[in-house]
1. With +1 on each Lys and Arg Cβ and -1 on each Asp and Glu Cβ, and nothing else charged, work out how big the dipole of the chain is about its Cα centre, in Debye to the nearest 20.
2. What are the membrane-span-like helices in the chain by this rule: whole DSSP H runs, Cα extent along the axis at least 24 Å, mean Kyte-Doolittle hydropathy at least 0.5?
3. For the chain, with the dipole built from +1 on Lys and Arg beta-carbon atoms and -1 on Asp and Glu ones, taken about the Cα centre, which of 50, 63, 173 lies farthest toward the positive end?
4. For the chain, modelled as a Gaussian network with Cα springs under 10 Å, which listed residue fluctuates most, 48, 110, 84?
5. So, R0 is 45 Å and r is the distance between the beta-carbons of residue 27 and residue 71; what FRET efficiency does that work out to, to 0.05?
6. Give, in nm to one decimal, the length gained when the segment between residue 175 and residue 100 is fully stretched (0.36 nm per residue of separation minus the Cα-Cα distance).
7. If each residue of separation counts as 0.36 nm, what is the full-extension length gain between residue 118 and residue 245 once their alpha-carbon separation is subtracted?
8. At 222 nm, what value in deg cm²/dmol follows for the chain if DSSP H runs of at least 4 each add -39500 (n - 2.57) and the sum is divided by all its residues, to the nearest 500?
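The values are calculated or read from the model by the stated rules, or taken from the named source; none is laboratory data. Bear in mind that the values here come from a model prediction, so they are computed numbers and not experimental data. Glycine gets a Cβ as well: all are built from the backbone with ideal geometry, and neighbour counts include every protein chain shown. Accessible surface areas use protein heavy atoms only, side chains included; no ligands, DNA or RNA. Shrake-Rupley method; radii C 1.70, N 1.55, O 1.52, S 1.80 Å.
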Amino acid sequence: MDIMTSVGLIAGIIVITAMIFMGGDLHMFISEHAMIIIFGGSISATMIRFPLSSLLHGLPLGAKFAFTMSRLSAHELVDELARIAEIARKQGPVGLEKVETDEPFLAKGIRYVADGYDLDFIRDNLERDRDNFLMHLDEGSKIYRAIGDCAPAFGMIGTLIGMVQMFANMTDPSKLGPFMATALLATLYGALVANLFCLPIADKLHGKLLDEETNRTLIIDGILMIRDSKSPTLVREMLLAYLPEKHRHGEGEPVPA
């Protein structure tokens, strides 16, 4: 679980709710008309921007990865691949059949090596799997960003509609308040949907995409070296190049000057 996403979202909701209750009643901030224009308009515009397949893949994948973390960090993957290389050197590819890992993508690569597939087959399949996954994750980021871009605009549209209705009923003072409230709440809803939910999630997904690209490329290179019978020491040293300098050494290990 990515705690920061959940904590940030809950904290934002608490702040907004506290401000509402400090100045009045929750009911005055609820408007069906504003909800229709924000959610209906934003979703409709997003459906125009993206094909159905992108929406079906991007939205659930984006929601999942915004609230979850990779099972293994890049440094843990280096250690895991070095361990697997040691097993392969001592027991051969057959010994990898009993190796277990929490990372599904790594497990697929281990299975390919254990089954004796050639180097080109392993490279092509893992790279295709990585690229498809990153494409869908990027689609999720773009979809949430598109909704975040649309929501404030439709909030302004809702405000304009409310103001037109208000000015059209200037002769009836009893209708001015509700129309003005609808106009302002549409802007409020649009700002909240964009800045508390959609745009932060889009940015979080972009960061996760970069991390996943590094991790999966690291796994592919490690699996290919294991398939090529490279030594565990060489595997570790080659894969450490994927990590920032300060993260290449574990606790207690000297960091070269």
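1. So the magnitude is around 300 debye.
2. 3-23, 173-192
3. 173
4. The residue with the greatest mean-square fluctuation here is 48.
5. After rounding to 0.05, the efficiency reads 0.50.
6. The span from residue 175 to residue 100 would gain 20.3 nm if fully extended.
7. Length gained, residue 118 through residue 245: 42.4 nm.
8. Calculated mean residue ellipticity at 222 nm is -24500 deg cm²/dmol.
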